[in-house]
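Asker: My questions all concern the structure below.
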Amino acid sequence: MRILIASDSFKGTLSSKEVALCIEEGLKKILNEAEYEKVILADGGEGTLESVCSILKDCTIFKDEVLNPLGEKIQSQYAFIDEDTALIEMAKSTGLTLVDENKRDILNSTSFGLGQLIAHSVKRGAKKLIIGIGGSATNDAGLGMLQALGVKFFDKHNIDISAQRVLKAKDLALVDSFDISEIRYLRDIKILIASDVSNPLCGKEGATYIFAKQKGATQEQLILLEELITKFAVLCEKRLIKKTKDEAGSGAAGGVGFALHSFLNAKFSSGIDTISSLINLEDKIQKANLVITGEGRVDEQTTYGKTIMGVLKYTKKYDKPCIVIAGSLAKGYEKLYAHGVTAIFDTTFSNNLSFEELKVSSKENLVSTTYNIANILQLKLKD
């Protein structure tokens, strides 16, 4: 029996790799004779670099010093997956996990570090960039990223504010014009944005109102950020002669999707489909007898492009049994059965515990759950 374990991370508790190891541990207590293959899944957010480089033998990781969302120096990394293609994970430079929860300050956050990673990769010879922009901590419409790449921004007095300091979200209020002549070196670089966010930049379904609150924004800051981003977007559309703020995906990563698409002609691509293609997920599923996948929370929203849907697309295509394991289940999880799921299991053994209490026992609970699944599978094998 060939079992493929291809799970997303259980956000806030276990990484994708840890989830896979726990699932394998639980199953092996009963199904020790089975052949196991573990795949680290990602959709352009956290873990993207690890997912791809754990599979591709020619993946070369480079490290460089960049600025984190608060402008502090950190060591970050990106990878070349072939001679001229660089894979960049935004979360490695501008991710929410890089900032302590009590230090999150969205108005004073910047995407500058992502721009540095892009510039470093191009300097090393990249002709094509695949940029995963999930898990960001910023809502600056890509202002900092563009500054790091060489775009100059001027205030209403024609003063070059980009020459004075690293620009942050609040500095969108000062931008009155810009000069893109210094980013001509990026003109022939092909950029693919790996993201499953389809929101526009502005409005009630845009970057600010949908995502900024989880990055620490208060209600007052949401109103201000929406005003600033809308003003910036209108300026950009007028100067670049492009109507992009309302395009699907422009609201990804606090507007970084908008900036990449508008200034660098980047193309949008499904995050999970892009990563699945790079790691040959379809071929691995086709060869498996059983697929086990999962994520931290499974509910109605899971069906709207979350990572495990990339797995279910292929298990359904090849009629492979697929078990979903969730850190927790919520209303609407049963809709996954229409997508070919065989069974769904919850690792939360008590509804009376807080998240912090459940976090402590997350590994133990996951191993116990998969041990129980293995017992069920053994009964089936005996039939």
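The values are calculated or read from the model by the stated rules, or taken from the named source; none is laboratory data. What you see is a predicted model, and the numbers here were worked out from it, not measured in a lab. Don't worry about glycine lacking a Cβ; one is built from the backbone with ideal geometry, like all the others, and counts go over all protein chains shown. Each accessible area value is taken on the protein alone, full model and side chains, heavy atoms only, with ligands, DNA and RNA left out. Shrake-Rupley method; radii C 1.70, N 1.55, O 1.52, S 1.80 Å.
Asker: Does any residue in the range 25-52 that is in contact (Cβ under 8 Å) with a residue 24 or more places away in the chain and open to solvent by 80 Å² or more (accessible area, probe 1.4 Å) come within less than 7 Å, Cβ to Cβ, of a residue that is among the β-branched types (Val, Ile, Thr) and assigned to a helix (DSSP H, G or I) six or more places away or on a different chain, and which pairs are these?
Answerer: Close Cβ pairs (under 7 Å, with a partner that is among the β-branched types (Val, Ile, Thr) and assigned to a helix (DSSP H, G or I)) amount to Glu25/Val367; Glu46/Thr97.
Asker: Of the conditions (1) surrounded by fewer than 24 Cβ atoms within 10 Å (Cβ to Cβ); (2) in contact with a Leu (Cβ under 9 Å, 6 or more places away or on another chain); (3) not in a helix (DSSP H, G or I), Ile130 clears all except one; give me its number.
Answerer: (1)
Asker: So if I check each of Glu295, Glu282, which one is assigned to a strand (DSSP E or B), closer than 22 Å to Leu21 by Cα and not hydroxyl-bearing (Ser, Thr, Tyr)?
Answerer: Criteria check complete, one pass: Glu295.
Asker: Continuing with the same structure: State all residues of the range 349-370 that are at pLDDT 75 or above and open to solvent by 30 Å² or more (accessible area, probe 1.4 Å); if no residue qualifies, say none.
Answerer: Lys363, Glu364, Ser368
Asker: Would you mention how many residues in the range 97-116 are farther than 21 Å from Lys11 by Cβ and in contact with a Lys or Arg (Cβ under 7 Å, 6 or more places away or on another chain)?
Answerer: Here the count works out to 3.
Asker: If you scan the range 274-284, which residues turn out to be open to solvent by 10 Å² or more (accessible area, probe 1.4 Å) and either touching a residue at least 40 places away in the same chain (Cβ under 8 Å) or among the hydroxyl-bearing types (Ser, Thr, Tyr) (or both)?
Answerer: Thr274, Ser277, Leu278, Asn280, Lys284
Asker: Any residue at all in the range 19-38 that is of a type in the set (Val, Ile, Thr) and part of a helix (DSSP H, G or I)?
Answerer: yes
Rundown of residues vs (1) out of contact with any Leu (no Cβ under 8 Å at 6 or more places or on another chain); (2) modelled with pLDDT of 95 or more; (3) over 30 Å from Ile376 (Cα atoms), yes/no style:
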{"residue": "Asp8", "(1), (2), (3)": "no, no, no"}
{"residue": "Gly12", "(1), (2), (3)": "yes, no, no"}
{"residue": "Glu33", "(1), (2), (3)": "yes, no, no"}
{"residue": "Ser76", "(1), (2), (3)": "no, yes, yes"}
{"residue": "Asn108", "(1), (2), (3)": "no, yes, yes"}
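Asker: Before we move on, is Asp188 at pLDDT 95 or above, part of a loop (DSSP other than H, G, I, E, B) and open to solvent by 10 Å² or more (accessible area, probe 1.4 Å)?
Answerer: When the stated conditions are applied, Asp188 passes them.
Asker: While we're here: Please enumerate the residues belonging to the range 98-122 that are touching a helix residue (DSSP H, G or I) at 6+ places or on another chain (Cβ under 9 Å), open to solvent by 10 Å² or more (accessible area, probe 1.4 Å) and not in a loop (DSSP other than H, G, I, E, B).
Answerer: Leu98, Leu107, Asn108, Phe112, Gln116, Ala119, Val122
Asker: Next up: If you check Lys331, Lys287, Lys317, Lys335, which single one turns out to be under 17 Å from Glu37 (Cα atoms) and either among the acidic types (Asp, Glu) or open to solvent by 60 Å² or more (accessible area, probe 1.4 Å) (or both)?
Answerer: Within the list Lys331, Lys287, Lys317, Lys335, the selection yields Lys287.
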